[in-house]
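All remarks here apply to the structure that follows.
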Amino acid sequence: MKNFENKGIIGVCLELKNNNYGSMLQSYATQVVLTEYGVKFELISYKKDYTPLFVIKSLPRFFNKYVLQDKLNEIKKKQFIKDHPEVKESVTKREAAFDSFREKYFCAPIVTYLGYHELKTKSEKYSAFISGSDQLWSPSGLPSNFYNLKFTYDEATRISYASSFGVKKIPWYQRSRTKDYLNRMTYISCREQSGKEIVKQLIGKNVPVVCDPTMLLTSKQWDALIGNKITTEGKYIFSYMLGGNREHRKQVEKLSEITGLPIVSIHQFLEADLNFGDIEIQDAGPVEFVNLIKNAEYVCTDSFHGSVFSIIYHKKFIIFNRYDETSSTSKNTRIDSLCFTLGLTNRRFSGSIFENINEPIDYMTIDLMLESFRNESRRYLEEALDSI
């Protein structure tokens, strides 16, 4: 394996604070891979300084429909917790599990910069910058100018690894600013085919689609993380739903009735989760999340990373659409791209869950495709690192 320890200190922008299983695990995987390559790096944390001027400049954000949708979801979740005080203990336990994971497994220094001026001036010490995966280039995050590396000095090497816009197209009022930061990037790679098409449309560049950081690690590497601990005894159906679609949960209940297996779930503190499932794992951290997928008989999910780990661990699984395909804020594209790349379009729910989920999966072929995808992705990263 190549070594890049002579490249100076690299500033890495990842999702560090979001207590979301996918975000946390892809951030962990990115660190593992960079460490394997001998890269010296720091994790950059940007803390906004809410001065009166900053607040005034931020007001236009609240006319951004993507920001409004995210804020609405946050408000709904907070209201649900307020209306159901019995789940407050579950929230506290889960937050503690994420804090514990960060403390134990995030190996690189986390350097916090307060305010955009400090971020710009003090980041001049880095030889290069890497913007990580997940939906870090979502239209809702554009105004922060953080994950798009706009804060970096002009001569810096700027690398994106598996960056995701999260949407099929950029809204018209953001195209100019999006083109601006894309043109400043030294190396660009996207996680989805739709992202590749957005880059081509906006700046005319053909960029590679690479695998999510979680897929750069093999099942053996993930086993080294989660160990042999069994979170739940016996056979079970694991349900991980981020959306609030009650009909999807009814399908899981139907599968449970047919198979006689209990439903083990990680709730998202939504109305649809009330009275759903047989066993709720309240204090599940990222390690337990992977463990629950690995040891499940079936996995039912509307989550990208729920799908990824089902593939890594050769599960019988089904994917529900979290978003309406006609919605302008739909984020189904990442799952669309994953299924297309690995020939798993038949994993999408199409009306009969028992027949759907038991349709045979040729994991021998999929493993070969995944290995090829992983190798291509590593070659891209090695070339980008070598350019520093």
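The values are calculated or read from the model by the stated rules, or taken from the named source; none is laboratory data. These figures come from a predicted structure and were not determined experimentally. Cβ atoms come from the backbone with ideal geometry, glycine included; neighbour counts cover every protein chain shown. To get the accessible areas, we keep the full protein, side chains included, count just its heavy atoms, and leave off ligands, DNA and RNA. Shrake-Rupley method; radii C 1.70, N 1.55, O 1.52, S 1.80 Å.
For this structure, a couple of remarks:
- Counting only alpha carbon atoms, the long axis of helix 246-259 and the longest principal axis of the chain meet at about 50°.
- The accessible area of Thr152, taken with all protein chains in place and a 1.4 Å probe, comes to roughly 10 Å².
- Largest to smallest accessible area among Leu202, Leu149 [probe 1.4 Å]: Leu202, Leu149
- Sorted largest first, the spans of the alpha carbon positions of the chain along the three principal axes are 61, 49, 40 Å.
- Under 5 Å from the amide H of Gly38 lie the amide H atoms of Phe4, each residue being 5 or more positions distant or on a separate chain, with H modelled from the backbone and absent for Pro and chain starts.
- Cβ-derived FRET efficiency at R0 22 Å, Ile366 paired with Lys205, nearest 0.05: 0.15
- By accessible area with a 1.4 Å probe, ligands and nucleic acids excluded, highest first: order of Thr231, Thr112: Thr112, Thr231
- Solvent-accessible surface (1.4 angstrom probe) belonging to Phe129, in square angstrom, nearest 10: 0
- Full extension of the chain segment joining Lys47 with Ile81 gains 9.6 nm, where the gain is 0.36 nm per residue of separation less the Cα-Cα distance.
- Using only the C-alpha atoms, the convex hull of segment 171-264 corresponds to 178 Å³ per residue.
- By a 1.4 Å probe calculation restricted to protein chains, Asp367 has an accessible surface near 60 Å², given to the nearest 10.
- Along principal axes, Cα extents of segment 137-219, largest first, whole Å: 41, 29, 23
- Dipole moment magnitude, nearest 20 debye, the chain about Cα centre, only Lys, Arg, Asp, Glu C-beta charged: 1300
- Taking Cα centre as origin and charging only the Cβ of basic (Lys, Arg, +1) and acidic (Asp, Glu, -1) residues, the dipole magnitude of segment 280-388 rounds to 60 debye.
- Which of Trp172, Gly244, Thr232, positive extreme of dipole for the chain (C-beta unit charges): Trp172
- By DSSP, the beta bridges lying fully in segment 189-327 are antiparallel in about 0 percent of cases.
- Model label sites at Lys120 and Val91, defined 7 Å from Cα along the beta-carbon direction, differ in position by 3.7 nm.
- By average C-beta atoms within 10 angstrom, highest first, the peptides 277-286, 118-127: 277-286, 118-127
- Ordering of 300-310, 243-253 by packing is 300-310, 243-253, highest average first (other Cβ atoms within 10 Å, averaged per residue).
- Simple Cβ-charge dipole of segment 166-231, Lys/Arg +1 and Asp/Glu -1, about Cα centre, in debye nearest 20: 300
- The listed residues Glu233, Glu95 rank as Glu233, Glu95 when sorted by accessible area, largest first, using a 1.4 Å probe.
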